[in-house]
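Visitor: Below is one structure. I have some questions about it.
The values are calculated or read from the model by the stated rules, or taken from the named source; none is laboratory data. Just so we're clear, the structure is a prediction, and the values are computed from it rather than from any experiment. Glycine also receives a Cβ, built like all others from the backbone with ideal geometry; neighbour counts cover every protein chain displayed.
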Amino acid sequence: MKEKQYTIGQIAKICNVSAEQLRHYDRQGILSPKGRGEYNGYRYYTEQQIEDIMLIKELKRIGLPLKSIGSLLKDKNLDQIKTTLESNMLIQRQQLYEHIKRYDSLVDTLLKLNNALSLISQSGENIASPVQGFSIVPIAERPILSTRYYSSYSVNDPFICRYAELQRIAETEHVATSSTLFLVFHDHYKKQFLKDDGVQGDLELFSNITGSAHHTEHCRMFGGFLAACATHIGHYRYTQPLYDELMAWAASIGYSVSGISFQELIIGRTMTSHEENFVTKIYLPLNVSAI
């Protein structure tokens with residue numbers, strides 16, 4: 001008995017796929033019409049190929065790429081299908097992990113932005129005014145990706161080239177980091193406010209590692225100490241009074257501050273071009289000579 005034949009339009013309607021999608025399968029060598037008109041020579045799909053199209057749809061639904069599907073359609077070997085599905089499951093698991101990481105980063109960035117907007121709202125219109133409320137906070141020990149060497153130390157320097165360098169290292173070494181940038185001034189904090197913009201200092205930039213820690217020259221542990229902390233709204237060049245007040249406050253409650261400092265750039269120039277909306281946390285580590 002001759003197998004029933006279908007035009008591309010008929011098979012598209014039966015299988016609920018577009019004619020263009022069927023043409024794409026044909027061009028890719030995945031599924032081509034098998035039948036041939038006895039009198040007109042036109043190509044037709046056969047009834048058996050409905051089964052193939054249904055399998056293609058099922059395998060696409062669970063995420064298999066067309067290249068893999070094309071290989072499976074050749075003989076529909078169950079062992080081969082099982083092996084292909086297992087391999088694809090591992091790929092999709094990794095993709096899911098990457099999607100979750102991106103989602104978590106999105107949530108962290110949004111929370112950071114919401115917190116910054118709240119602080120900006122509290123600070124009022126004076127761009128040189130810090131948000132009031134000094135505190136002593138624990139700096140948890142964690143792995144960081146960093147670069148440290150002598151370079152420009154001026155508070156007027158955007159350090160954007162150093163930031164780009166750190167980002168490039170993260171991408172090259174495949175290290176997942178947070179979007180928040182930290183600057184560690186290993187000399188006394190007052191050095192960054194010298195009027196000579198050409199001043200050089202021992203400057204470290206780092207971001208927290210959010211994935212697996214790597215053992216490279218750019219990865220190290222940071223933290224494990226207490227620090228006096230305050231938040232500043234506005235450009236970094238206006239932070240010296242806050243530094244001085246924070247140091248005096250820490251001394252008044254019995255803490256020794258070395259002058260080494262670090263900043264957490266919650267909202268900086270990469271996020272906004274409005275300097276009055278920069279949000280920076282400054283930290284003065286307590287009772288430590290190096291960090």
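Visitor: Return the residue satisfying two criteria in turn: it lies in the range 186-224 and is acidic (Asp, Glu) and outside any loop (DSSP other than H, G, I, E, B), and of such residues it is surrounded by the fewest Cβ atoms within 10 Å (Cβ to Cβ).
Guide: Only one residue fits best here, namely Asp202.
Visitor: Restricting to the range 148-177, count the residues that are in contact (Cβ under 8 Å) with a residue 60 or more places away in the chain, crowded, with 17+ Cβ neighbours inside 10 Å and closer than 30 Å to Glu98 by Cα.
Guide: 1
Visitor: With Asp75, Asp52 as the choices, which residue is acidic (Asp, Glu), modelled with pLDDT of 90 or more and over 29 Å from the mean Cα position of the chain (by Cα)?
Guide: Within the list Asp75, Asp52, the selection yields Asp52.
Residue-wise test of (1) surrounded by fewer than 19 Cβ atoms within 10 Å (Cβ to Cβ); (2) out of contact with any helix residue (DSSP H, G or I) (no Cβ under 6 Å at 6 or more places or on another chain); (3) in the same structural domain as Tyr189 (by TED's automatic domain parsing).
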{"residue": "Tyr243", "(1), (2), (3)": "no, no, yes"}
{"residue": "Leu246", "(1), (2), (3)": "no, yes, yes"}
{"residue": "Trp249", "(1), (2), (3)": "yes, yes, yes"}
{"residue": "Ser258", "(1), (2), (3)": "yes, yes, yes"}
{"residue": "Leu265", "(1), (2), (3)": "no, yes, yes"}
{"residue": "Gly268", "(1), (2), (3)": "no, yes, yes"}
{"residue": "Met271", "(1), (2), (3)": "yes, yes, yes"}
{"residue": "Glu276", "(1), (2), (3)": "yes, yes, yes"}
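Rundown of residues vs (1) touching a helix residue (DSSP H, G or I) at 6+ places or on another chain (Cβ under 8 Å); (2) of a type in the set (A, V, I, L, M); (3) in the same structural domain as Ala116 (by TED's automatic domain parsing), yes/no style:
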| position | (1), (2), (3) |
| --- | --- |
| Phe185 | yes, no, yes |
| His188 | no, no, yes |
| Asp196 | no, no, yes |
| Val199 | yes, yes, yes |
| Leu205 | yes, yes, yes |
| Asn208 | no, no, yes |
| Gly211 | yes, no, yes |
| His214 | no, no, yes |
| Thr231 | yes, no, yes |
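Visitor: Let me ask something else about it. Considering only residues that are over 22 Å from Pro138 (Cβ atoms) and in contact with a strand residue (DSSP E or B) (Cβ under 8 Å, 6 or more places away or on another chain), look in the range 242-269 and name the one that is modelled with the lowest pLDDT.
Guide: Taking the candidates together, the pick is Gly268.
Visitor: Separate question: Would you call Ala248 assigned to a strand (DSSP E or B) and not β-branched (Val, Ile, Thr)?
Guide: For Ala248, the condition - assigned to a strand (DSSP E or B) and not β-branched (Val, Ile, Thr) - is not met.
Visitor: Is there any pair with a first residue in the range 57-76 that is under 13 Å from Leu31 (Cβ atoms) and a second that is outside any helix (DSSP H, G or I) and of a type in the set (Ser, Thr, Tyr) whose Cβ atoms are under 7 Å apart and which are 6 or more apart or on different chains, and what are they?
Guide: Pairs found: none.
Visitor: Please count how many residues of the range 225-241 are out of contact with any Leu (no Cβ under 7 Å at 6 or more places or on another chain), surrounded by 21 or more Cβ atoms within 10 Å (Cβ to Cβ) and farther than 23 Å from Lys195 by Cα.
Guide: So the count comes out to 0.
Visitor: Sticking with this structure for a sec: Condition first: part of a helix (DSSP H, G or I) and at pLDDT 90 or above. Can you find one or more residues in the range 99-107 that meet it?
Guide: Within the range 99-107 (the criterion being part of a helix (DSSP H, G or I) and at pLDDT 90 or above), the answer is no, since none of the residues qualifies.
Visitor: Of (1) touching a Gly at 6+ places or on another chain (Cβ under 9 Å); (2) at pLDDT 90 or above, Glu276 satisfies all except one. Which?
Guide: Of (1) touching a Gly at 6+ places or on another chain (Cβ under 9 Å); (2) at pLDDT 90 or above, only one is false for Glu276: (2).
Visitor: I'd like to check something: does the range 254-270 contain any residue that is more than 23 Å from Arg162 (Cβ to Cβ) and either in a helix (DSSP H, G or I) or in contact with a Lys or Arg (Cβ under 7 Å, 6 or more places away or on another chain) (or both)?
Guide: no
Visitor: Out of the range 162-204, which residues are of a type in the set (Val, Ile, Thr) and either within 28 Å of the chain's Cα centre (by Cα) or on the phi > 0 side of the Ramachandran plot (or both)?
Guide: If the condition is that a residue be of a type in the set (Val, Ile, Thr) and either within 28 Å of the chain's Cα centre (by Cα) or on the phi > 0 side of the Ramachandran plot (or both), then Ile169, Thr172, Val175, Thr177, Thr180, Val184 are the ones that fit.
Visitor: Which one is modelled with the lowest pLDDT among residues in the range 108-140 that are β-branched (Val, Ile, Thr) and in a helix (DSSP H, G or I)?
Guide: That would be Ile120.
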